[in-house]
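Take a look at the structure below.
The values are calculated or read from the model by the stated rules, or taken from the named source; none is laboratory data. In this text, all values refer to a predicted model and were calculated from it rather than measured experimentally. So basically every Cβ, Gly included, is an ideal-geometry build from the backbone, and we count neighbours across all protein chains shown. Side chains are part of the model used for accessible areas, which takes the heavy atoms of the whole protein and leaves out ligands, DNA and RNA. Shrake-Rupley method; radii C 1.70, N 1.55, O 1.52, S 1.80 Å.
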Amino acid sequence: MIRGPRARLAVLLSGRGSNFEAIADAIDAGSIPHAEIVAVISDTPAAAGLEAARRRGLPAFLIDRSRHSSRQAHEREIVRVLDEAATDLVCLAGYMRILSPEFVARDRGRILNIHPSLLPRFPGLHPQKQALDAGESESGCTVHFVDEGTDTGPPVLAARVPILPADTVESLSARILEAEHRLYPAAIARVLEGLREGSGDAHSDVHRNRGK
Ligand code: GRF
């Protein structure tokens, strides 16, 4: 369920923030209808995405992981911000910390992540290099619900890109990133549609809608 007229999104990031910017652009362009970003949270002060959020006039929060004694304490602070912002959906966009099972359980079906491979192939770190090393002829990106595992939750949407013979990690990563910027907004729009249908369980909505 979504409580208000506009879905309230939080974006969690640790770095560049290009996916965050793609989501914000898609909202501005109306391609994620009836949605707004109500919190951009970074766990590191160096994240360029944090500065981009400030430039856009969006509520930006630095919750510095190095200033908290444990993951639990760090997440407690994140949860406080999410609660205060009354978020409907949490979008991980280059967020480089594994969420605890307690965090996942609290918002199950309402946390998305984007990963630069065709999951379940190549979860974890350096998926572009993993795909090249495996001699694949294609790769891509996947938006999935977050569960307790690393890049293991139910997929929402995926996009394929070719791997060319001359590809390097850099060239392949750039091709995948372009696809990510289209895929993440589309996946968010789809999940919000499911949440609006009112079952309150975006997970099963997406599964039900598959193949339609
Ligand atoms: C993206 O490749 C995303 O798939 C992965 O981390 C990267 C984040 O890039 N999870 P950006 O910070 O959104 O530019």
Percent of Cα pairs exceeding the 19 Å cut-off, where the set is region 58-135 = 47 percent
Among the DSSP H helices of the chain, those whose Cα atoms extend at least 18 Å along the helix axis and whose mean Kyte-Doolittle hydropathy is -0.5 or higher are 169-196
Let me have the relative contact order for region 7-209, percent, based on Cα pairs under 8 Å that are six or more residues apart.
-> 20 percent
Antiparallel bridge percentage (DSSP; both residues within the chain; nearest 5) = 40 percent
Quick one: which residues, 5 or more positions from CYS91 or on another chain, have an amide H under 5 Å from its amide H? H modelled 1.01 Å from N in the peptide plane, none for Pro or chain starts.
-> ALA10, VAL11, LEU12, LEU112
Around LEU118, which amide H atoms from residues at least 5 apart in sequence, or from another chain, sit under 5 Å from its own amide H, with H modelled in the peptide plane?
-> GLY140
Probe 1.4 Å, heavy atoms of protein chains only: per residue, the accessible area of region 7-209 in Å² is 45 Å²
Got a number for the accessible area of ARG108? Probe 1.4 Å, square angstrom, nearest 10.
-> 110 Å²
For ALA166 paired with ARG3, estimate the spin-label separation in nm (one decimal), with each label point 7 Å from Cα along the Cα-to-Cβ line.
-> 5.4 nm
5 Å binning of all Cα-Cα separations within the chain, expressed as whole percents from 0 upward = 1, 7, 15, 19, 21, 17, 11, 5, 2, 0
The extension gain from ASP25 to SER66, computed as 0.36 nm times the residue separation minus the Cα-Cα distance, is 11.7 nm
Show that you can apply the helix-only estimate: for the chain, add -39,500 (n - 2.57) for every DSSP H stretch of four or more residues, divide by all residues, and state [θ] at 222 nm to the nearest 500.
-> -12000 deg cm²/dmol
